[in-house]
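Novice: Below is one structure. I have some questions about it.
Any read-out appearing in this document is the output of simple, stated calculations on the displayed coordinates, not a laboratory observation. If you're wondering where the values come from, they're calculated on a predicted model, not measured in any experiment. We place every Cβ from the backbone using ideal geometry, glycine too, and count neighbours over all the protein chains shown.
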Amino acid sequence: MFFKKRLNNNAVIAHDGNGNEKILMGCGLGFKMQEGDIVDESKVEKVFSLTDPKMNRLLQELAINTPIEFIDFAE
């Protein structure tokens with residue numbers, strides 16, 4: 001998967017070879033990443049993917065505005 005955008009140091013938006021966007025989470029996953037970099041999949045702890053583009057945008061906004069501790073607690 002390829003890095004597209006950092007949501008924070010622990011969550012990023014990436015795309016696979018088919019152009020599907022995914023939200024990836026993992027400790028320090030987005031640190032020092034630049035667009036187009038290959039994501040170190042050994043750091044990926046969670047993958048979120050939606051097929052509906054509108055829902056994908058809403059999920060991205062939610063991931064940006066929700067502290068990682070809350071997501072971990074909810075899991």
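Novice: Taking H placed 1.01 Å from N in the peptide plane, check which residues at least 5 places from LEU7 or on another chain put their amide H under 5 Å from its amide H.
Specialist: VAL12, ILE13
Novice: Taking amide H atoms as placed 1.01 Å from N in the peptide plane, list the residues 5 or more away in sequence, or in a different chain, whose amide H sits under 5 Å from that of GLY30.
Specialist: Residues meeting the amide H criterion: ASN10, ALA11.
Novice: Considering only the other residues whose Cβ falls under 10 Å of the Cβ of SER49, what net charge follows from Lys and Arg at +1 and Asp and Glu at -1?
Specialist: With Lys, Arg at +1 and Asp, Glu at -1, the neighbours total -1.
Novice: How large is ³J(HN,Hα) for each residue in segment 34-40, as worked out from phi by the Karplus curve 6.51 cos²θ - 1.76 cosθ + 1.60 (θ = phi - 60°), to whole Hz, x for Gly and Pro?
Specialist: 10, 3, x, 5, 7, 6, 6
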